[in-house]
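Everything on this sheet refers to the single structure shown next.
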Amino acid sequence: TQSLLSLAPHDKLVPLVRTHGIDQHFLRVDGRVGPSHTSKAGHLVRHLAALDGTGVTADRTVLIGDAVDDALAAAHVGARAVLYTGGSHSRSSLESAGVPVVDSLAEAVRTARELAG
């Protein structure tokens, strides 16, 4: 399964996901509500709690992100992470998180599947 969690504003994210016709691929889509300085870890905790009852657990979750903070948030909840170099952070910065770093989203999905076992 997959869900989408973003710090993009929720009221902008959900229509964007629908516009691209990909909403049916996700169990849940959550964007940020509240101030932009919201903690990624707290946001992830709330997202996982909302998925309670779907069989999704932190220990079976692999977060695909594009910032060291994403790997830290995953570690905070007991999930694993894969970081993608297509964002605004350098590969060397991402590698400092100590998790797999990949150069394409297809590679991110393959790596996440391997990590999930």
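The values are calculated or read from the model by the stated rules, or taken from the named source; none is laboratory data. Keep in mind that this is a model prediction, so the values were computed, not measured. As a convention, Cβ positions derive from the backbone with ideal geometry for all residues, glycine included, and neighbour counts pool all protein chains shown.
In a helix (DSSP H, G or I), in contact (Cβ under 8 Å) with a residue 12 or more places away in the chain, out of contact with any His (no Cβ under 7 Å at 6 or more places or on another chain) and farther than 20 Å from L83 by Cβ, is that true of R18? Taking the combined requirement at face value, the residue does not satisfy it. When A71 is tested against (1) under 18 Å from T1 (Cβ atoms); (2) at pLDDT 95 or above; (3) touching a Gly at 6+ places or on another chain (Cβ under 8 Å), just one condition goes unmet, and that condition is (1). Between H89, H37, the distinction of being in a loop (DSSP other than H, G, I, E, B) and crowded, with 19+ Cβ neighbours inside 10 Å belongs to H89 only. Inspect all residues belonging to segment 32-45 and state whether any of them is among the β-branched types (V, I, T) and within 14 Å of the chain's Cα centre (by Cα). The answer is yes; a qualifying residue exists.
A quick yes/no check of all residues on (1) touching a helix residue (DSSP H, G or I) at 6+ places or on another chain (Cβ under 7 Å); (2) of a type outside the set (A, V, I, L, M, F, W, C); (3) within 19 Å of S104 (Cα to Cα):
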position	(1), (2), (3)
S36	no, yes, no
V45	yes, no, no
A49	no, no, no
T57	no, yes, no
I64	yes, no, yes
V68	yes, no, yes
A73	yes, no, no
G78	yes, yes, no
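With the requirement that a residue be assigned to a helix (DSSP H, G or I) and over 19 Å from S36 (Cβ atoms), what does segment 1-14 give you?
Our first condition is that a residue be assigned to a helix (DSSP H, G or I); within segment 1-14, this holds for 10-14.
Correct list: empty.
Among the residues of segment 1-15, just one is buried (at least 17 other Cβ atoms within 10 Å of the Cβ), out of contact with any helix residue (DSSP H, G or I) (no Cβ under 6 Å at 6 or more places or on another chain) and in contact (Cβ under 8 Å) with a residue 40 or more places away in the chain, namely S3. Can you confirm whether segment 31-49 contains a residue that is charged (D, E, K, R), out of contact with any Asp or Glu (no Cβ under 6 Å at 6 or more places or on another chain) and farther than 20 Å from A8 by Cβ? No, every residue in segment 31-49 fails to be charged (D, E, K, R), out of contact with any Asp or Glu (no Cβ under 6 Å at 6 or more places or on another chain) and farther than 20 Å from A8 by Cβ. A single entry from D52, D70, D59 fulfils the requirement of being surrounded by fewer than 16 Cβ atoms within 10 Å (Cβ to Cβ), part of a helix (DSSP H, G or I), without any contact (Cβ under 8 Å) to a residue 40 or more places away in the chain and of a type in the set (D, E): D59.
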